[in-house]
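Working notes for the structure below.
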Amino acid sequence: MGQSPDSLLYQLQQLENDTERVNQLCTKAFELRTIDLDVALQFANEAEVAAKQSNSMRHLAKSENILGLLHYKKSNFEQAILYLKQSLQHHEQLKDEIGVAMNLANLGNVYSDMNEYQLAEEAYLKSLQISHKLNHVLQVTRCLINIGTLKFSQQQFDASIHQFKTALGYANQLGDIQLTATCYNNIGTIFKEQDKLDSALLYFEESLKQKELIGNEIELADSYLNLASIYFIQKNYNQASNFLLLTHNIATTKNLPSILADYYLQQSQLLEAQQDYKQAMVFLKKHYHLKDSLTTLQPKELATTHHLATVLAPTKTNYAANYIWMAIYILLPIIIIITLFKNKR
């Protein structure tokens, strides 16, 4: 039986060498990012404490970078930007170019998720330029995936597929299963957007196989959502429901609010298609309530400054249609009352 995170955290806290403590805590925090984000943050916070005790700028920058990444994955964008900017500043002072490239990529991801596309593209391109210069194939691959994701967000599908297929070649060269899974997932998302459902399903299934090989539970939730969405469009409601249940289990046990918000939306659409309008509205309200609570930082609060989540979110659906359904449910009792009074005359 493996060592529990609590006992391992205590064991690492006892290491006398501050910098070694930072290194091991950061390594464990990064490993836990795909298993349990809350536990990963405990290790990362301890790494920051140790880094400050060590008076090593390099190790402080390392702990700040991992904290920025974890807060990003938790959708805590304000905290993510704060840590990533601090890490970037420290890496620049150290003249650590690969550290700068990683921070720029991570910041680009946060800006992209906040629809600040110009800031995101500037950060990605600077990161890619540095990575090519250093011949750092891993970081080049990550940058290409990030740029592909950005192009997708702007509905530039041909450009997006080109970036992902180029990245897939590099990922296969590296033998990096996590990155190949990401590329398959993202290409599948584009095919879904283009209504090429059979192709999308093949790419999503391949991505799922890759993620299962490495036990990436958190990103498995994204695959389950994507597969559920395809089966929903194909009106295979039983399969869609099965994958949504798997999504819900991960989102709740791993405390993933952004995944849970997407689950609520898809569950609402599935119930609506099955004509269970009352329950559909319950889940739709849950979706909007949670989605609103995740909006923690407005674009106007962003500073013009120049990481790594590389999975496209499930394709967004027609919110306007959902608002119409919400209006119908609000107005329906009024319409019924008016009709009853009319019939009594």
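The values are calculated or read from the model by the stated rules, or taken from the named source; none is laboratory data. As the structure is a prediction and not an experimental result, all values here were calculated from the model. Neighbour counts run over all protein chains shown; Cβ positions are idealised from the backbone, glycine included.
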Open item on the list: Looking at segment 190-238 only, could you name the residues that are in contact with a Phe, Trp or Tyr (Cβ under 7 Å, 6 or more places away or on another chain) and β-branched (Val, Ile, Thr)?
Closed with: Ile190, Ile230
Open item on the list: Considering only residues that are of a type in the set (Gly, Ala, Ser), assigned to a loop (DSSP other than H, G, I, E, B) and farther than 20 Å from Val39 by Cα, which ones fall in segment 49-86?
Closed with: Ser56
Open item on the list: I'm checking my understanding of the structure. Among residues of segment 20-66 that are in contact with a helix residue (DSSP H, G or I) (Cβ under 7 Å, 6 or more places away or on another chain) and among the hydroxyl-bearing types (Ser, Thr, Tyr), which one is modelled with the highest pLDDT?
Closed with: Ser63
TODO: For Leu297, work out the one condition from (1) aliphatic (A, V, I, L, M); (2) part of a helix (DSSP H, G or I); (3) modelled with pLDDT under 95 it doesn't fulfil.
DONE: (2)
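Could you list all residues from segment 59-99 that are charged (D, E, K, R) and buried (at least 19 other Cβ atoms within 10 Å of the Cβ)? Quick ask: steps written out before the conclusion?
Restricting attention to segment 59-99, the residues satisfying the condition of being charged (D, E, K, R) are 62, 64, 73-74, 78, 85, 92, 95-97.
Passing the criteria: Lys62, Glu64, Lys73, Lys74.
On the given criteria, is Met102 surrounded by fewer than 23 Cβ atoms within 10 Å (Cβ to Cβ) and at pLDDT below 95?
Values: surrounded by fewer than 23 Cβ atoms within 10 Å (Cβ to Cβ): no; at pLDDT below 95: yes.
The answer is no for Met102.
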Open item on the list: I'd like to check something: does segment 140-159 contain any residue that is aliphatic (A, V, I, L, M), part of a helix (DSSP H, G or I) and farther than 24 Å from Gln178 by Cα?
Closed with: no
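Yes or no: segment 41-49 includes at least one residue that is under 19 Å from the mean Cα position of the chain (by Cα) and surrounded by 23 or more Cβ atoms within 10 Å (Cβ to Cβ). Break it down stepwise before answering.
Of segment 41-49, the ones under 19 Å from the mean Cα position of the chain (by Cα) are 41, 44.
Pick out the ones that are also surrounded by 23 or more Cβ atoms within 10 Å (Cβ to Cβ) and you get 44.
Looking through segment 41-49, at least one residue is under 19 Å from the mean Cα position of the chain (by Cα) and surrounded by 23 or more Cβ atoms within 10 Å (Cβ to Cβ).
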TODO: Tell me which of these Gly175 doesn't satisfy, since it passes every other one: (1) small (Gly, Ala, Ser); (2) farther than 19 Å from Asp222 by Cβ; (3) touching a helix residue (DSSP H, G or I) at 6+ places or on another chain (Cβ under 9 Å).
DONE: (3)
Open item on the list: I need the full set of residues from segment 126-174 which are basic (Lys, Arg) and more than 17 Å from Gly108 (Cα to Cα), in order please.
Closed with: Lys133, Lys165
Open item on the list: Taking the criterion of being among the hydrophobic types (A, V, I, L, M, F, W, C) and in contact with a Pro (Cβ under 8 Å, 6 or more places away or on another chain), would at least one residue in segment 234-248 satisfy it?
Closed with: no
